[in-house]
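Asks: Here it is, the structure, as structure tokens.
Readers should treat all values here as calculations from the given coordinates under stated rules, not as data from a laboratory. Just so we're clear, the structure is a prediction, and the values are computed from it rather than from any experiment. In this analysis, Cβ positions are derived from the backbone assuming ideal geometry, glycine residues included, and neighbour counts consider all displayed protein chains.
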Amino acid sequence: MYVLSKSSLEKMKNVHPKLVDVIKTAIENSSYDFRITAGARTAEEQNYLYQQGRTRAGQRVTNCDGYKAKSNHQIKSDGFGHAVDIFPCGVYENGVYRKFTTDEGYDDKKLKSIANHILAIAKSKNANVEWGGNWKMHDTPHFELK
Ligand SMILES: [Zn+2]
């Protein structure tokens, strides 16, 4: 029912093909439409995020500085990033597409529903995918390949 936008596909350019395959299958029968907000990052890009809430204004979003502590979004020795972040962006209601606001989209219930779907597809494809929502440091938009 849903398709990944060009920008979502672009964001997954340097993400491991196994994870990309899971996401591409998952979007088709997902309970909600979603888009990719982050894929692979360089160490510099990771460090830029790390500085948010530290040397730059804003809320802290990561404990990985990109160098000493690496994120799974960073390109690994196999040449790929192993993580994506998603945003539930809309839904068909009685045949009419309704776009979510940021608050509506970043709702743990919606993310959990999509996560259950993504994890089931990963299992069927023998891909070891983990959901950040199952971590102690709750990161519900985050999925990564182990
Ligand atoms: Zn992430």
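Asks: Among the candidates Leu19, Leu4, Leu9, which residue alone is under 17 Å from Lys99 (Cα atoms), out of contact with any Cys (no Cβ under 8 Å at 6 or more places or on another chain) and hydrophobic (A, V, I, L, M, F, W, C)?
Replies: Numbers: Leu19 fails: under 17 Å from Lys99 (Cα atoms); Leu9 fails: under 17 Å from Lys99 (Cα atoms).
Testing whether each residue is under 17 Å from Lys99 (Cα atoms), out of contact with any Cys (no Cβ under 8 Å at 6 or more places or on another chain) and hydrophobic (A, V, I, L, M, F, W, C) leaves just Leu4.
Asks: To continue, here is another question. Check Asp103 against each of (1) outside any loop (DSSP other than H, G, I, E, B); (2) surrounded by 11 or more Cβ atoms within 10 Å (Cβ to Cβ) and name the one condition it does not meet.
Replies: Every condition holds for Asp103 apart from (2).
Asks: Only one of (1) assigned to a loop (DSSP other than H, G, I, E, B); (2) surrounded by fewer than 14 Cβ atoms within 10 Å (Cβ to Cβ); (3) touching a residue at least 60 places away in the same chain (Cβ under 8 Å) fails for Tyr92. Which number is that?
Replies: Tallying (1) assigned to a loop (DSSP other than H, G, I, E, B); (2) surrounded by fewer than 14 Cβ atoms within 10 Å (Cβ to Cβ); (3) touching a residue at least 60 places away in the same chain (Cβ under 8 Å), Tyr92 fails exactly one: (1).
Asks: Scan segment 52-65 and report the pairs whose first residue is without any contact (Cβ under 8 Å) to a residue 40 or more places away in the chain and whose second residue is surrounded by fewer than 13 Cβ atoms within 10 Å (Cβ to Cβ), with Cβ atoms within less than 6 Å and a gap of 6+ or a chain change.
Replies: Listed pairs, sorted by first residue: Gln52/Gly58; Gln52/Val61; Gly53/Gln59; Gly53/Arg60.
Asks: Regarding Ala69, is this residue out of contact with any Leu (no Cβ under 8 Å at 6 or more places or on another chain) and more than 12 Å from the ligand (Cβ to nearest atom)?
Replies: yes
Asks: Which of the helices (runs of 4 or more DSSP H) contained wholly in segment 1-88 include at least 3 residues that are β-branched (Val, Ile, Thr) and either touching a strand residue (DSSP E or B) at 6+ places or on another chain (Cβ under 7 Å) or crowded, with 16+ Cβ neighbours inside 10 Å (or both)? Before you say what the answer is, go through the steps one by one.
Replies: Details: elements: 6-11, 17-28, 43-51.
Here the list reads 17-28.
Asks: Ok, one more. Only residues that are without any contact (Cβ under 8 Å) to a residue 40 or more places away in the chain and within 15 Å of the ligand (Cβ to nearest atom): list them for segment 109-135, please.
Replies: Leu111, Ala115, Glu130, Trp131, Gly132, Gly133, Asn134, Trp135, listed by residue number.
Asks: Which numbered condition in (1) in contact with a helix residue (DSSP H, G or I) (Cβ under 8 Å, 6 or more places away or on another chain); (2) more than 14 Å from the ligand (Cβ to nearest atom); (3) in a strand (DSSP E or B); (4) not β-branched (Val, Ile, Thr) is the only one that Tyr97 fails?
Replies: (1)
Asks: Related question: Quick one: Ser7 ticks every box in (1) more than 14 Å from the ligand (Cβ to nearest atom); (2) touching a residue at least 40 places away in the same chain (Cβ under 8 Å) except a single one, so which number is it?
Replies: Answer for Ser7: the failing condition is (2).
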